[in-house]
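The values are calculated or read from the model by the stated rules, or taken from the named source; none is laboratory data. The structure presented is a predicted model; accordingly, all values stated were derived computationally and were not measured.
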Amino acid sequence: MEANYVGRFARSIESGWLGKVMAVEEREGMTLLRMSGVNELNRMIVGGDIETQIDLDDTQWFVPEDVRFVKLV
């Protein structure tokens, strides 16, 4: 099931931060999603595909229970 996370987009339940799952990592017995953020402001101004707005410098880790996976329309 962990491999199914990679490539999906999700929002942090707590902060609303939007990112793409880049990898699944195991640390101290916990499954963590390593995610790169979507620059939503730039996407609103410039437009374009969401994949072009991935900010590889904006990396965060979440447990799967702390995010809500989203469908892109």
Residue match in region 33-46 (condition: of a type in the set (D, E) and at pLDDT 90 or above)
no
I'm trying to understand the selection: among the residues of region 17-32, which are at pLDDT below 95 and small (G, A, S)?
G29
